[in-house]
Amino acid sequence: MTTVLAIDQGTSGTKAVVVGPDGAVLALAEVPVRPAYLPGGRVEQNPQELLDSVLAAGRQAVAQAGRPIDAVTLANQGETVLAWDPLTGRPLTTALVWQDRRAEDVCAELAGQAARIAELTGLVLDPYFSAPKMAWIRRNVTSEGVVTTSDTWLVHHLTGEFVTDAATASRSLVLDLDAVDWSPELLRLFKLDGERLPRIVACDEIVGTTRAFGGEIPVGGLIVDQQAALLAEGCLRPGEAKCTFGTGAFLLANTGERAVRSTSGLTTSVAWRARGGTPYCVDGQVYTAASAVRWLGDLGFIGGATDLDATAAPDSQGALFVPALAGLAAPWWRPDATASFLGMTLSTRPGHLVRAVLEGVAAQVADLAQVVARDLGAPLTRLRVDGGLTRSATLMQAQADLAQMPVDVYPSPHATALGAAAMARLAVDPALSLEDAVPAWTPSTTYEPRWTGERAAEFLARWRRGVDAAMDRADLTGSEA
Ligand SMILES: O=P(O)(O)OC[C@H](O)CO
């Protein structure tokens, strides 16, 4: 009977949830963090702010719960990196967020090795992943200390250990995906071969203890955030898929125990390493979902995410949006692409543009669902969804319409934390099976497609032409630069 403090350290905030033995949420605390969006596609966070938010949210949630905590777990952003001093724990750089594009040059230099890198890692050579950003820090900022993903730094502060979990390590571009171990060949390619690297632990492992939240509490169940949501949503069998609508939107499908390489431009990662098994998943990414909504707010088009449904016009009146505000990921992999609105006239109003942004995000997810189906060799029949933006009925209906499948909304806004809590229960209780650790759920809402297949296909064809135009424009800008 395990009560878990599950901390979801995300891009836009840290959420701490105390989860009871049956998966019920007993307490919740949230501390927002705001990345700095800088020119040149740079996206940074203050590491100290991340750590402070973990401690503050965790302590608030524990105080609220008012009961003993048996385990602490952390879900992390995945590909956000920093350099730090392993003796003092002091950060030596800002944190380069996964959305940061500055390591494009590192990737461009390795372009000749892209196929070999993809074969070994299951990933695509892109600045999104952690190793290019680690290499960028080494070349441009400091050769001191260690350079790791943010989870390793946070867990070090909590426990004194130097670890990362297998799922997070698989987002790096320096992990041999089949061996689930650091690859000397890849480390050499990125010139990271002299680095001290964290020990790779299983997700269902206790890695140490912490006194940060009162008493001495075991820490374990470490997992990257998207995979934690995959687990929470019960995607335990090959072919089961979910999409989390957070800062970005991330579509993941379980592919079972074989690390099948995508033939369609998706990426393959470790879903989790637990109970002696290592299932894998394919994933596709929309880099800006809630980020695009926040951007709409910054521009004054909406007051905030809760205004979306009231502000979005019933249709976009022909306006179309390509949400490449931080480049394009799978299956295009164009970090240099930029976002665009198309199809505007003098009668276009903010409400049309808000609708276009929501449809643009939904179109990209629908496109990814088709690509995932190609890789799996079978169409997805339903899509499980979670994350803050699932509160927008407009977005969810557009998702069902464009993907042409029912969309099942996860009933809790805390899927990532609940997935990490399930992993922590496995870490604490060796007798528990994966199936028993994940509570069953029924959707809070199911959105059925209202558009005809023909209308959805026409929309997606027009939207893909918008994507092609965005890439052509990036080619043009690149050659002029
Ligand atoms: O911070 P989130 O929830 O948008 O998730 C970040 C992603 O996992 C980055 O790969």
Taking the Cα-to-Cβ direction at Thr477 and at Thr446 and moving 7 Å from each Cα, how far apart do the two end points lie in nm? 4.3 nm
About its Cα centre, the chain carries a charge dipole, from +1 on Lys and Arg Cβ atoms and -1 on Asp and Glu Cβ atoms, whose size in debye to the nearest 20 is 420 debye
Can you tell me the dipole magnitude for region 121-267 around its Cα centre, using point charges on the Cβ only (Lys, Arg +1; Asp, Glu -1), in Debye to the nearest 20? 420 debye
For Thr267, Thr247, give me the order by solvent-accessible area with a 1.4 Å probe, most accessible first, ignoring ligands, DNA and RNA. Thr247, Thr267
Per residue accessible area in Å² of the chain, where ligands, DNA and RNA are left out and the probe is 1.4 Å: 36 Å²
Which percent, to the nearest 5, of DSSP beta bridges fully inside the chain are antiparallel? 75 percent
Accessible area of the chain with a 1.4 Å probe: how many percent of it is carbon plus sulfur? 52 percent
Which value, in debye to the nearest 20, gives the size of the charge dipole of region 191-287 about its Cα centre, when Lys and Arg are +1 and Asp and Glu are -1 at the Cβ? 180 debye
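Among 204-216, 330-342, 414-426, how do they line up by average Cβ neighbours within 10 Å per residue, starting with the highest?
Highest-to-lowest ranking by the protection proxy: 414-426, 330-342, 204-216.
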Hull surface over four for the Cα convex hull of region 377-481, reported in nm², is 10.9 nm²
Compute the Cα gyration tensor for region 306-394, then decide on rounded, prolate or oblate, letting a ≥ b ≥ c be the square roots of its eigenvalues: rounded whenever a/c is under 1.5, prolate when a/b is larger than b/c in the other cases, and oblate in all that remain. oblate
Taking N as the number of residues in the chain, the ratio of its alpha carbon radius of gyration to 2.2 N^0.38 Å works out to 0.92
D for region 228-350, whole µm²/s, Stokes-Einstein with Kirkwood Rh over alpha-carbon pairs at 25 °C and 0.890 mPa s: what number? 148 µm²/s
Starting from the Cα of Lys191, draw a straight line to each of the lysines and keep only those under 19 Å, dropping any in the same chain fewer than 8 residues away. Lys133
For the ranges 345-351, 357-363, 382-388, 315-321, what's the packing order if you count other beta-carbon atoms within 10 Å of each residue, average per peptide, and put the highest first? 357-363, 382-388, 315-321, 345-351
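The values are calculated or read from the model by the stated rules, or taken from the named source; none is laboratory data. None of these values were measured; they are calculated from a predicted model. With ideal geometry, Cβ positions are generated from the backbone for all residues, glycine too; neighbour counts draw on all protein chains shown. Accessible surface is based on the protein model in full, side chains and every heavy atom, while ligands, DNA and RNA are left aside. Shrake-Rupley method; radii C 1.70, N 1.55, O 1.52, S 1.80 Å.
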